[in-house]
Amino acid sequence: MPTPPLAGGTAGPAALRPLVETVLAALHDGAARRGGPLPAGGPDTVTSRTRSATHPLIPNRGTGAEHALRSLVTALAEGAADPAHPHCAAHLHTPPLALAAAADLAASALNPSMDSWDQAPAASAIEADLTTALAAEVYPHAPAPDAVITSGGTEANQLALLLARERHGPVQTVCAANAHHSVARAAWLLGLPEPVVVPAPTGTMDPAALDQALTELHRPLLVVATAGTTDTGEIDPLDAIADLCTTHGAELHIDAAYGGPLLLSPTHRPLVQGLERAHSVTLDLHKLGWQPASAGILAVPDRHHLDPLHHLAPYLNADDDTEAGLPDLLGRSLRTTRRPDALKIAVTLQALGRDGLADLIDRTVASAHHLADLVTKTPTLDLYDRPTISTVLFRPTGTDDHTVATVRRTLLNRGHAVLGRAHADGRLWLKATLLNPHTTPGELQTLLDLVTATTTGLLAQPPTPPHPATTTAQPASPEAAPTPPASPEPTITPAHPTPHPTTAPTHLAPHEATPHHHPTEGDTPR
Ligand SMILES: Cc1ncc(COP(=O)(O)O)c(C=O)c1O
């Protein structure tokens with residue numbers, strides 16, 4: 001086999017072009033074969049189909065670029081949970097913009113590594129300007145705001161706790177019950193005391209409980225508030241929390257991984273009023289920013305707050321190189337080799353401008369409000385609350401938590417919809433996290449129709465024992481995996497009779513057990 005061509009240099013683009021064509025064709029074919037938001041059949045079926053299409057992964061004699069790209073990318077796309085499909089809405093799992101994915105190709109081809117200037121001369125300049133500009137969005141009145149790019153909200157939260165510890169010693173973190181799990185993990189990782197958790201009885205941090213906790217606890221204290229919670233998308237009362245931090249001499253970090261980009265929408269910016277009062281802010285543009293992962297950010301009001309990240313490794317940032325004017329990049333992250341994630345973000349922001357980003361945000365929030373309206377108008381569904389950002393919690397009326405969980409898994413196993421689950425108000429809810437700005441009202445209605453029809457179908461099933469395939473132990477070899485039935489769900493008995501009659505839409509019979517979801521006009525992936 002000839003030595004494979006490289007992606008960079010003047011010859012790289014010509015070598016890449018046919019390969020990219022192959023990738024694009026495979027993406028198309030895989031999505032068409034899937035025909036829905038995720039593959040039907042559940043984990044065993046998908047794993048076994050993926051394996052048979054892709055093995056052996058390490059053959060003795062290579063199959064060549066065309067074959068490998070075609071088989072693996074087709075399998076990847078066929079087996080994807082594709083957030084570009086309007087019914088794939090479980091998590092803060094964004095459908096990336098095509099232009100951001102295209103920019104990421106350039107990052108892969110040139111492979112700048114952000115740990116030293118001699119590996120990333122232009123990329124480091126773009127990153128420096130972008131981080132300064134994003135920090136100024138968060139801290140418009142600070143004299144020298146700055147930000148670092150992270151692998152996501154988890155790393156940004158870790159850095160926030162690390163920087164607080166470096167400023168003050170072993171800080172006691174105080175967060176609410178709605179905080180992301182990465183806050184407690186960061187405390188654990190950094191050898192800090194376990195966070196004190198104050199209640200969030202209505203979904204957001206209770207300021208009175210925070211006041212009491214801050215009165216009782218010993219300093220140094222770091223309060224972590226959330227702007228856009230994972231479960232409900234609610235935003236803690238940021239100004240009230242900042243006031244309490246000032247009163248008690250505590251520092252404040254705001255995890256705005258989800259809600260932070262609202263800053264870019266003049267309509268919704270007031271929701272995150274108070275963000276600039278934090279000592280650090282987490283943002284994730286691979287959530288409400290439509291970037292392929294990873295695109296996390298930690299912003300601080302003063303670039304010197306990042307000084308503790310400074311680190312000397314003479315092969316990357318020797319003192320004399322730095323004195324001679326080579327930018328020292330090592331202190332911009334705890335990682336060493338690092339992708340130029342700033343590129344796709346910069347391309348997106350420049351291409352769309354403030355107006356374009358605001359439009360995407362506004363459309364997405366409007367879509368969530370529309371879904372909430374539709375739930376309210378559906379007598380067989382209950383709405384948890386009006387959305388704050390783009391998360392809508394709802395559940396079939398009069399059912400128990402087991403039924404809610406079973407409806408979710410049935411939709412997943414049939415390949416019909418990807419909805420999340422969240423506990424709120426002492427009950428389990430289906431969670432739709434809308435991030436697709438192309439989703440239409442008709443597609444939202446179809447999503448609700450799928451939920452009601454699935455619920456009706458499950459409740460109507462006679463109480464037969466589960467299929468043996470769902471109860472047997474894992475097969476010894478993946479090749480021997482039995483194909484589970486298309487509807488491998490246990491039957492459920494209603495805890496309370498459904499108070500409203502449910503109507504199954506005519507296009508989906510309640511007992512329909514389709515191994516493949518056939519796309520209709522209303523749910524074409526984009
Ligand atoms: C509020 C919040 N913070 C942090 C994170 C972690 O972000 P990442 O998955 O980018 O590490 C999430 C993830 O959903 C989140 O919802």
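For this structure, a couple of remarks:
- Matching residues, the range 279-289, being under 28 Å from residue 369 (Cβ atoms) and either β-branched (Val, Ile, Thr) or away from the ligand (no atom under 14 Å from the Cβ) (or both): 281, 282
- Only one entry in 262, 271, 252 is closer than 30 Å to residue 219 by Cα, touching a Leu at 6+ places or on another chain (Cβ under 6 Å) and modelled with pLDDT of 95 or more, namely 271.
- Meets criteria (touching a Lys or Arg at 6+ places or on another chain (Cβ under 9 Å) and more than 16 Å from residue 283 (Cα to Cα)) for residue 135: no
- Listed by first and then second residue, the pairs with beta-carbon distance under 6 Å, at least 6 apart or on different chains, first residue in the range 305-324 and closer than 28 Å to residue 169 by Cα and among the polar types (S, T, N, Q), second surrounded by 15 or more Cβ atoms within 10 Å (Cβ to Cβ) and at pLDDT 95 or above, are 317/328; 317/330.
- Residue check, residue 173 without any contact (Cβ under 8 Å) to a residue 60 or more places away in the chain, in contact with a strand residue (DSSP E or B) (Cβ under 6 Å, 6 or more places away or on another chain), crowded, with 21+ Cβ neighbours inside 10 Å and on the phi < 0 side of the Ramachandran plot: yes
- So residue 140, is it in a loop (DSSP other than H, G, I, E, B), away from the ligand (no atom under 16 Å from the Cβ) and either touching a helix residue (DSSP H, G or I) at 6+ places or on another chain (Cβ under 9 Å) or within 26 Å of residue 420 (Cα to Cα) (or both): yes
- The residues of the range 33-62 that are more than 24 Å from the chain's Cα centre (by Cα) and surrounded by fewer than 14 Cβ atoms within 10 Å (Cβ to Cβ), listed by number, are 52, 55, 56, 57, 58, 59, 60, 61, 62.
- Answer from 260, 325, 274, 353 - the residue that is under 29 Å from residue 109 (Cα atoms), within 25 Å of the chain's Cα centre (by Cα) and of a type outside the set (Asp, Glu): 353
- Any chance residue 262 is closer than 30 Å to residue 394 by Cβ and in contact with a His (Cβ under 8 Å, 6 or more places away or on another chain): yes
- Any hit, the range 263-273, residues being over 23 Å from residue 341 (Cα atoms) and crowded, with 23+ Cβ neighbours inside 10 Å: yes
- The lone exception for residue 286 - which of (1) in a loop (DSSP other than H, G, I, E, B); (2) in contact with a helix residue (DSSP H, G or I) (Cβ under 7 Å, 6 or more places away or on another chain); (3) in contact (Cβ under 8 Å) with a residue 60 or more places away in the chain it fails: (2)
- Only residues that are out of contact with any strand residue (DSSP E or B) (no Cβ under 6 Å at 6 or more places or on another chain), β-branched (Val, Ile, Thr) and away from the ligand (no atom under 16 Å from the Cβ) were counted across the range 190-229, and they come to 2.
- All of (1) buried (at least 17 other Cβ atoms within 10 Å of the Cβ); (2) touching a residue at least 24 places away in the same chain (Cβ under 8 Å) hold for residue 141 with one exception: (1).
- Of the residues examined, residue 215 is not one that is more than 19 Å from residue 139 (Cβ to Cβ) and touching a helix residue (DSSP H, G or I) at 6+ places or on another chain (Cβ under 6 Å).
- Residue check for residue 410: buried (at least 21 other Cβ atoms within 10 Å of the Cβ) and either in the same structural domain as residue 257 (by TED's automatic domain parsing) or more than 25 Å from residue 178 (Cβ to Cβ) (or both): yes
- Consider the range 254-268 and keep the residues that are within 29 Å of residue 426 (Cβ to Cβ) and not β-branched (Val, Ile, Thr). The one that is farthest from the ligand (Cβ to nearest atom) is 262.
- Here residue 331 clears all of (1) outside any loop (DSSP other than H, G, I, E, B); (2) loosely packed, with under 15 Cβ neighbours inside 10 Å; (3) in contact (Cβ under 8 Å) with a residue 12 or more places away in the chain except the condition numbered (2).
- Boolean, residue 404 is at pLDDT 95 or above, closer than 17 Å to residue 453 by Cβ and in contact with a Lys or Arg (Cβ under 6 Å, 6 or more places away or on another chain): yes
- Selection within the range 367-389 - assigned to a helix (DSSP H, G or I) and touching a His at 6+ places or on another chain (Cβ under 8 Å): none
- When we screen 92, 99 for residues that are surrounded by 15 or more Cβ atoms within 10 Å (Cβ to Cβ) and assigned to a helix (DSSP H, G or I), the only hit is 99.
- Scanning the range 24-72 for residues that are part of a helix (DSSP H, G or I) and within 18 Å of residue 95 (Cβ to Cβ) yields 24, 27, 28, 30, 31, 32, 34.
- Hits in the range 294-325 - residues which are surrounded by fewer than 16 Cβ atoms within 10 Å (Cβ to Cβ) and either within 16 Å of the ligand (Cβ to nearest atom) or hydrophobic (A, V, I, L, M, F, W, C) (or both): 312, 313, 318, 324
- The residues in the range 168-221 that are part of a loop (DSSP other than H, G, I, E, B) and of a type in the set (Ser, Thr, Tyr) can be counted, and the count is 2.
- Condition check for residue 5: surrounded by 17 or more Cβ atoms within 10 Å (Cβ to Cβ), in contact with a helix residue (DSSP H, G or I) (Cβ under 7 Å, 6 or more places away or on another chain) and not hydrophobic (A, V, I, L, M, F, W, C): no
The values are calculated or read from the model by the stated rules, or taken from the named source; none is laboratory data. Computed from a predicted structure; not experimentally measured. Neighbour counts run over all protein chains shown; Cβ positions are idealised from the backbone, glycine included.
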